[in-house]
Every structure is written in C-alpha cells, then in structure tokens.
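See structure below.
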Amino acid sequence: MGFFFRGLWYYDTSEPKFRWPEVTHGIYHKDYKIYSITVEKYKEETLNEISGGGQQCRNFFDSNNLNTSFYGIAYFYFVDHYIDVLNYMNLNIKFIYLIEGALVLNSCISNNLNIHPTLLKTHNGLIFDNIEEKNGYLFDRNDVVTSKVENNEYYATYTILLKI
C-alpha cells in the first residue's frame, strides 16, 4: 500500500478510483490542469489517516510550544533538465533542483514553479537520416509570494505551471 500526497489530502494509491495527478495543456489553454502541493498545519486526523490510526505525535507547529516565529525550512526537490549541445550521445541532462523556504508563524509562502516543455530533435545516421525526438522540460523561475495569515493552517504551497 502506498500513499501519494496531493494538496491537502492523502490518497491511497491502491484504491480503485485513484488517479495520478496531471499537469497538462499549459496555463494558456482553456482545459489546463495544474498540480499543487501544500504544506499544512499538523493535524492528528491526517497522521491517523496515513498510518491507519492509533498514532500520536507532538504538535511541533503549535506556536504555544515555541519561543520563536520561525518553525523550520521546507525543502522541495524536483528533477530539472538542461540541454548539453556538446554531448551528442546524451543531450538531455537531468539533475536535482532544490527550492527551500522558511516556515514562519502567520505567514504562507506560495511558490509558482514555471516549467517550459521542450522537444529535442536530433539527426543521427550516416547513410539514412534518422530523426530522434525526446520530450522534456526546463525550469524557468520560481515566482514567490508571501502572504500574511492568521492562525496558520497552511505554511507553504508549491504549484507547477506549464508555460505553453
């Protein structure tokens, strides 16, 4: 049994109606789909939903337990690409990209990750032309907005925007 985190809910991947999330069409298309992940305040019912029940954990994000407004740092890792035109055998290079942000009392950080799809065409073949196409994407930028909120329910959001 596996769990997949999307937004505010945890989905059991073994459920018959489970569907993997999509980022499709691009934000300028009328049928666009975005994908968003939210870092939410600790909730006992969420922990019990994931673990199957009976679990208890100290509520670290309860501001009464802390002497500071800084809770910690959220790390968001994803796979990015870059095109190395000098490496003919492996043009599309993958690497891990990190976005980090502070979890702060009465504040929510929204990260809009702008991704551009790519289509890489290569011509290989000496006698007969053979065109090879590979799809990928390039991370462009992270638009960060910090909002002041009361009684944090959410600390950070990461939204993937396909820019086509």
Next item on the list: With respect to G54, determine if the residue is modelled with pLDDT of 80 or more and at positive phi.
Entry: no
Margin query: Pairs please, first residue from region 63-88 and over 18 Å from E150 (Cβ atoms), second anywhere and of a type in the set (D, E) and at pLDDT 75 or above, Cβ atoms under 6 Å, 6+ apart in sequence or on different chains.
Written below: I73/E100; Y75/E100
Note to self: So for region 27-39 (the condition being loosely packed, with under 12 Cβ neighbours inside 10 Å, modelled with pLDDT of 75 or more, part of a loop (DSSP other than H, G, I, E, B) and acidic (D, E)), does at least one residue qualify?
What the structure shows: yes
Next item on the list: Could you run through region 143-163 and say how many residues are in a strand (DSSP E or B) and of a type outside the set (F, W, Y)?
Entry: 12
Next item on the list: Just name the residue that is nearest to S69 (Cα to Cα) out of those in region 112-130 that are at pLDDT below 85 and among the β-branched types (V, I, T).
Entry: T122
Checklist line | Those residues of region 74-107 which are part of a loop (DSSP other than H, G, I, E, B) and either within 20 Å of R141 (Cβ to Cβ) or in contact with a Ser or Thr (Cβ under 8 Å, 6 or more places away or on another chain) (or both), in sequence order | finding: Y88, L91, L105, N106
Check: Looking at D129, D140, which one is within 25 Å of I160 (Cβ to Cβ) and acidic (D, E)?
Finding: D140
Item checked: Qualifying residue in region 131-142 (condition: loosely packed, with under 13 Cβ neighbours inside 10 Å and assigned to a loop (DSSP other than H, G, I, E, B)) -> no
Next item on the list: Looking only at region 87-102, count how many residues are modelled with pLDDT under 85 and either under 22 Å from G72 (Cα atoms) or polar (S, T, N, Q) (or both).
Entry: 3
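The values are calculated or read from the model by the stated rules, or taken from the named source; none is laboratory data. Keep in mind it's a predicted model, so treat the numbers as computed, not measured. In this analysis, Cβ positions are derived from the backbone assuming ideal geometry, glycine residues included, and neighbour counts consider all displayed protein chains.
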